[in-house]
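Right, one structure below, let's go through it.
Just so it is clear, none of the values below were taken in a lab; they were calculated from the coordinates. Computed from a predicted model, the values in this text were never measured in an experiment. Backbone-built Cβ (ideal geometry, glycine too); neighbour counts: all protein chains shown.
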Amino acid sequence: MSTIFEEIKACIIDGDDELAVELAEKVIAEKINPVDAVHQGFIKGIEEVGAAWTSGEAFLPDVMMAADAMKAGMDVLEPALANCDKGDASDNKGSIVIGTVKGDIHDIGKNILSALLTAAKFKVYDIGTDQSPENFVKKADEVGAYVLAASALLTTTMKSQKEIVDYLEENNIRDKYYLIVGGGPTSQHWADEIGADGWAETTEEAIKVISNLMVNKPIED
Amino acid sequence: MLPKFDILTNEEVNKIHENTMRILSEIGVEFEFEPAVEVLKKNGQKVDGNRVYFDRDFIEEMIEKAPSQFILHARNPENNLVVGDDSIIFMPGYGAPFIHTVDGERRDATMDDYNKIVKLAGASKNFQMTGGNVVEPTDIPDEIRHLEMSYSHIINSDKCYMGSSTGYERAMDTIKIAGILHGGMDVIKEKPALVCLINSLTPLKYDQRMLGALMAYAETGQAMVIASLVMAGSTGPATMAGALSLQNAEVLAGIVLAQCISPGTPVIYGSTSAITDMSSGALSIGNPEGSLFTSASAQLARFYGVPCRGGGGLTDAKITDGQAGYESMMVLLTTSLTGVHFVMHAAGILQYFMAMSYEKLMMDDEIAGMILRYLKGFDMSSDEKMAFDVIKKVGPGGHFLTQKHTRKNFKEEFFMPALSNRGAFDTWHDEKIEINQAAEKKWQKVLENYKAPELDANVKAKIEQFIEKRKSELI
């Protein structure tokens, strides 16, 4: 039993998404407890990659490919995990909806943060680029997330971040969500100006900001 | 001028060209703007949705149509510029949203910063243009920024400047303003006065905004830089040869489109390709790889027979320090030695294009002056320059300080620093002023003494009238 967990851990570290799917299928076929596979395999692997990245030994391709492999494997295990009564099987720290704002199709920064959040054991729902405020909220409600992360690279699309705040206020749901903003031309000053709940320049800071927000849920509806 | 340094062998240029042709014909490029796709379709290119697959003979035929050099016209004809051939044109940075201050703080850039930077560029003999979008004036509403920026270049200097490339409508506004400045749209159609920056969206895409602007400039006969910034390792392959091929494909696709719209329209082959910092994913521009991309781009532009834009005083440093100095000098020197003609970002840039700094602008002004001197090389055009007679006159064991020959020639031959400290230790030690502080004093003094060249009152009134009218329509 311990061998397959070791294999899963190794394949996450290698960033091998095909092998991750194969091993996840094997977990199901051989009726191995999926919760154990997550804790002793997938999470062990992503933790090691995350730690190596923090210490400067691993680089973005290592982390991002590990996150992809993790996601691929977890997708296979998801139905089995849902049937488990062990509660929070994926051990995740919370859910985040992330996307690039309306009018902007740049996504590298967003993709990097998504991967690093995954490596930090958050559950990330990436809705892609050029996304309206409605889409952020729709996804959040669908998955039960209350943190929205909106990226903008252009000075001309930053105002779409403000439009998310406006949308939340217009619909009287501002206090149901935390909104964090980021991207090249943004700043703490900008975040304050538009009334966002957080801002970060780097991924390390973003993870800290999100972790702090996750401590307290916003007001329940 | 010095001979241009070739970084690639002919065989290597051909290898990049072949790889590029394969990318363009087998993978294709996406144009997110229907009219642009239509133009290419009409010209017989294979289209699938927004994706265009290019025919290689067609690419070569269209690139042939682009001029190898052209003249960019300034409101003061003395400041007209040849773009191409042996020319090299320096100007301040483009598009930074932030100012980094002398004490290492960051703030949003404003219109006041914009005007000051244009004036500093106007004042410097090392900058042949005042640039464009020298910072993002964040205190001006987005809808009318392009109008205010054009106005700043026109009233604060009489050098050439750049127009807007944020969509067809705004591009056209700035072209019309240039038209008023030069006496009519028909005048500037014959004598291009405006140049803009068209960027691809790497990998292998052009967005609607940029394509709209490209069409406005091509229709009105204005010049444009068509540039690609491949971030090797993230938006492009991590191999230098792969990233260069990707860049080349994007730039050629843009040039082909411009030539389809208006054959012979002046275009500049642009590159700002560099690498990704693989820990953070950030762009990194002050490095040997960036210099290699710039050098190879100059050579590729020569191969295709069009002028080249690339490089600059580029750095990832956050303040005007040693790192800012050595990185900027490396990139600007290699930019200049390899035959880049049009150097945006020559001055002021910090932190991979995110910020401008007044102190850095002054340091880069000095670097630009040093490089321009270096490029002049040795003057051996006369017996006087060979100096045999004066060597004979002084003979063994004498000195040259009191020779007329020396007095006459040293100012022509030596670069005179405006910022560098060449003094002795004791004098320096009294105040221990570092370059960052010295540069601050320098720009304040230059601004104090700057007097903008006068603009004809009638023309000024017409431009102001146009701008006011557009403002009322846009806000």
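Counting other Cβ atoms within 10 Å of each Cβ, which trypsin sites (Lys or Arg not before Pro) in the stretch B:300-340 have at most 14 and sit in a DSSP loop?
Numbers: sites: B:ARG302, B:ARG309, B:LYS318; in loops: B:LYS318.
In loop regions of the stretch B:300-340 (DSSP not H, G, I, E or B), there are no sparsely surrounded trypsin sites (Lys or Arg not before Pro).
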Return the sequence-ordered ³J(HN,Hα) values of the stretch B:162-178 in whole Hz as given by the Karplus equation 6.51 cos²θ - 1.76 cosθ + 1.60 applied to θ = phi - 60°, using x for Gly and Pro.
-> 10, x, 6, 10, 9, x, 4, 5, 5, 4, 5, 4, 6, 5, 5, 4, 4
Loop-only check: which chymotrypsin sites (Phe, Trp or Tyr not before Pro) in the stretch B:341-394 are DSSP coil with at most 15 other Cβ within 10 angstrom?
-> B:PHE378
Extreme residue, positive dipole direction of chain B, given options B:PHE54, B:GLY369, B:ILE27 (C-beta unit charges) = B:GLY369
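Determine the dipole magnitude for the protein assembly as shown: charges of +1 sit on the beta-carbon of Lys and Arg, -1 on that of Asp and Glu, nothing else is charged, the reference point is the Cα centre, and the result goes in debye to the nearest 20. Intermediate results must be reported in sequence, preceding the final value.
Numbers: 66 positive and 102 negative charges, 580 e Å.
Taking the Cα centre of the protein assembly as shown as origin, the dipole is about 2780 debye.
Give the relative contact order (percent, whole number) for chain A; include only Cα pairs under 8 Å separated by 6+ residues.
Details: 374 pairs, mean separation 35.9, N = 221.
That works out to 16 percent.
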log₁₀ of I(q)/I(0) at q = 0.12, 0.20, 0.23 Å⁻¹ - the stretch A:2-83, Debye sum with one point per alpha carbon = -0.29, -0.75, -0.96
Indicate the gyration tensor shape class of the stretch B:296-447 (rounded, prolate or oblate), computed on the Cα atoms with a ≥ b ≥ c the square roots of the eigenvalues: a/c under 1.5 is rounded; otherwise a/b larger than b/c is prolate and the rest oblate.
-> oblate
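Using only the Cα atoms of the stretch B:64-376, build the gyration tensor, take square roots of its eigenvalues as a ≥ b ≥ c, and label the shape rounded, prolate or oblate: rounded if a/c is under 1.5, else prolate if a/b is larger than b/c, else oblate.
Details: a/c = 1.37, a/b = 1.11, b/c = 1.24.
Since a/c stays below 1.5, the shape of the stretch B:64-376 is classed as rounded.
Are there trypsin sites (Lys or Arg not before Pro) in the stretch B:103-152 that DSSP marks as loop and that have at most 12 other Cβ atoms within 10 Å, and which are they?
Sites meeting the loop and neighbour criteria: B:LYS125.
Exposed loop sites here are trypsin sites (Lys or Arg not before Pro) in DSSP loop states with at most 14 other C-beta atoms within 10 Å. What is the longest stretch of chain A lacking them? Each step should come with its number before you reach the end.
Working: sites that count: A:LYS31, A:LYS86.
That gives A:87-221 as the longest site-free run.
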Here the relative contact order (percent) of chain B, from C-alpha pairs under 8 Å and at least 6 apart, is 18
Using only Cα atoms, locate the centre of the stretch B:128-169 and the centre of the stretch B:32-61, then give the distance between them in Å, rounded to an integer.
-> 32
Farthest toward positive dipole pole in the protein assembly as shown [+1 Lys/Arg, -1 Asp/Glu at C-beta], among B:PHE388, B:PRO192, B:GLY212 | B:PHE388
Excluding residues on the same chain fewer than 8 positions from A:LYS31, give the lysines whose Cα lies under 20 Å from its Cα.
-> A:LYS9, A:LYS86
Could you tell me what percent of the DSSP beta bridges with both partners in the protein assembly as shown are antiparallel, to the nearest 5?
-> 25
Got a sec to turn the phi values of the stretch B:55-60 into Karplus ³J(HN,Hα) couplings, 6.51 cos²θ - 1.76 cosθ + 1.60 with θ = phi - 60°, whole Hz, x for Gly and Pro?
-> 8, 5, 5, 5, 4, 5
Rounded to the nearest 10 degrees, the helix B:111-123 long axis (Cα) sits at an angle to the longest Cα principal axis of chain B of 60
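Please state the relative contact order of the stretch B:12-148 as a whole percent: Cα pairs under 8 Å, 6+ residues apart?
Details: 159 pairs, mean separation 23.0, N = 137.
Computed value for the stretch B:12-148: 17 percent relative contact order.
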Over the protein assembly as shown: helical MRE at 222 nm, DSSP H runs n ≥ 4 each giving -39500 (n - 2.57), nearest 500 | -15500 deg cm²/dmol
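What is the dipole size for the stretch B:64-376, taken about its Cα centre, with +1 at each Lys and Arg Cβ and -1 at each Asp and Glu Cβ, in debye to the nearest 20? Walk me through the numbers before you get to the answer.
Values: 21 positive and 31 negative charges, 132 e Å.
So the dipole magnitude of the stretch B:64-376 works out to roughly 640 debye.
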Listed by chain and number, the lysines with an alpha carbon less than 25 angstrom from that of B:LYS205, same-chain partners under 8 positions apart left out, are A:LYS102, A:LYS110, A:LYS159, B:LYS15, B:LYS41, B:LYS42, B:LYS46, B:LYS65
Where nothing but the Cβ of Lys and Arg (+1) and of Asp and Glu (-1) is charged, how large is the charge dipole of the stretch B:327-475 around its Cα centre, in debye to the nearest 20?
-> 420
When the charge dipole of chain B is computed with +1 at the Cβ of Lys and Arg and -1 at the Cβ of Asp and Glu, the Cα pointing farthest to the positive end, of B:LEU8, B:LEU474, B:SER336, is that of B:SER336
